[in-house]
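Here the structure is laid out as structure tokens; the discussion comes afterwards.
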Amino acid sequence: MIKVTKSQPAPAILARRGTRHVRQLEKLQEANPAACQAPDNTILHSRDGIYNDTTVKDQLRKDQHKKCCYCESLFTATSYGDVEHFRPKAGYQQEWEGPLHKPGYYWLAYEWSNLFFSCQLCNQEYKGNYFPLRNQAARAQSHAEVLSLEQPLLLDPTQDDPEKHLTFVRDAIKGLDDRGEESIRAFGLDRPDLIKSRIEHLKGLRQMYMLGRFTFNLPLSNPEQEFLDALKLSVAEGREAAEEARQIWQEAALDSAEYAGMVRANFDYLPRH
Ligand SMILES: [Zn+2]
């Protein structure tokens with residue numbers, strides 16, 4: 001997880017249709033606040049056609065360099081990702097696997113600062129409606145209450161600096177404080193398949209570093225000659241492979257790189273921007 005900067009202005013549909021629909025939800029809540037708190041009510045239902053609009057998805061995907069905002073896995077043709085509400089729109093859980101409380105943050109359903117793009121595992125399998133606060137008593141229960149008094153335990157990639165709360169020892173993610181620990185649990189950042197991907201990524205990078213040490217300048221060293229012979233490459237092809245490896249290594253900690261947070265924690269001398 002690394003810091004994310006959202007581009008401005010926000011997608012126009014959020015201000016246009018989103019604001020209008022939020023007004024309707026606010027009126028519904030004001031008309032019957034008690035009913036909106038019933039566990040199974042769906043009075044304050046938001047419209048996924050607005051926040052899931054292609055323009056919203058595209059802008060989030062671009063701002064996040066085509067990576068999940070939490071686990072930093074790159075989206076592929078087979079993993080599309082979800083528009084994720086940092087503060088859950090329909091209901092929230094204060095405790096992990098605890099009861100769902102309503103209403104959720106319905107007034108933030110189309111709020112640009114509350115929207116992210118995340119992989120389906122981080123969003124659906126893990127975080128879901130979990131949104132613990134350090135001070136549950138200060139939770140905003142409606143649009144009339146103040147949000148700024150809340151102290152969320154989960155890290156917000158735009159508001160927090162994830163590197164102050166999370167670090168890595170090789171591929172293993174560690175919380176540096178309770179917010180880091182809570183975020184690891186909530187987003188499943190230590191799930192086995194993700195650890196496996198990070199291990200493979202680190203292995204690949206180390207190999208890039210080693211290959212990048214070769215120059216293939218004439219006369220060739222013995223290891224360089226052996227390398228070319230084993231792979232049946234010409235000197236020019238060897239040079240090209242080594243140059244590519246150096247480039248991959250140099251770009252491994254950029255905002256746009258997969259698992260940049262892990263790479264930065266391991267190789268803090270690599271360029272970030
Ligand atoms: Zn993810």
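The values are calculated or read from the model by the stated rules, or taken from the named source; none is laboratory data. Because the structure is predicted, anything quoted here is derived from the model rather than measured. Here the Cβ positions follow ideal geometry from the backbone for every residue, glycine too, while neighbour counts run over all protein chains shown. For accessibility, only protein heavy atoms count, side chains too; no ligands or nucleic acids. Shrake-Rupley method; radii C 1.70, N 1.55, O 1.52, S 1.80 Å.
Structure notes:
- Accessible heavy-atom area order of SER142, SER7, highest first, probe of 1.4 Å: SER7, SER142
- For the chain, carbon and sulfur atoms together expose 52% of the accessible surface, with a 1.4 angstrom probe and every protein chain in place.
- Computed FRET value (nearest 0.05) for ASP177 with TRP96, which takes r as the C-beta separation and R₀ as 25 Å: 0.90
- Taken about its Cα centre, segment 192-266 carries a charge dipole of roughly 280 debye when the Cβ of each Lys and Arg holds +1 and the Cβ of each Asp and Glu holds -1.
- Largest first, the residues ARG87, ARG170, ARG185, ARG198 sort by 1.4 Å accessible area into ARG170, ARG185, ARG87, ARG198.
- Length-normalised contact order of the chain in % [C-alpha pairs under 8 Å, at least 6 apart]: 18 percent
- Solvent exposure of LYS27, expressed as accessible area, is near 140 Å², computed with a probe of 1.4 Å over the protein chains only.
- Within the straight-line cut-off of under 24 Å between alpha carbons, the lysines reachable from LYS232 are LYS203, sequence neighbours fewer than 8 places apart in one chain being disregarded.
- Rolling a 1.4 Å probe across all protein chains gives ARG246 an accessible area of roughly 80 Å².
- Close Lys pairs in segment 30-160 (alpha-carbon distance under 26 Å; sequence gap of 8 or more, or different chains): 13.
- Segment 1-30-segment 153-197 distance, computed between alpha-carbon centres (Å): 27 Å
- With the simple model of a label 7 Å out from the Cα in the direction of the Cβ, ARG16 to ASP255 spans 2.7 nm.
- The solvent-accessible area of ASP229, taken with every protein chain present and a 1.4 Å probe, is close to 90 Å².
- Segment 51-101 and segment 207-229: distance between their alpha carbon centers, rounded to Å: 44 Å
- Calculated from backbone phi, Karplus (6.51, -1.76, 1.60) coupling profile of segment 193-204 in Hz, x at Gly/Pro: 5, 6, 4, 4, 4, 5, 4, 4, 5, 5, 4, x
- Extreme residue, positive dipole direction of segment 192-266, given options GLY212, PRO223, GLY261 (C-beta unit charges): GLY261
- Estimated [θ] at 222 nm from DSSP helical runs (n ≥ 4, -39500 (n - 2.57)) normalised by residues in the chain, nearest 500: -10000 deg cm²/dmol
- Of the residues ILE173, ILE199, the one with the largest accessible area comes first in the ranking ILE199, ILE173, computed with a 1.4 Å probe on protein heavy atoms.
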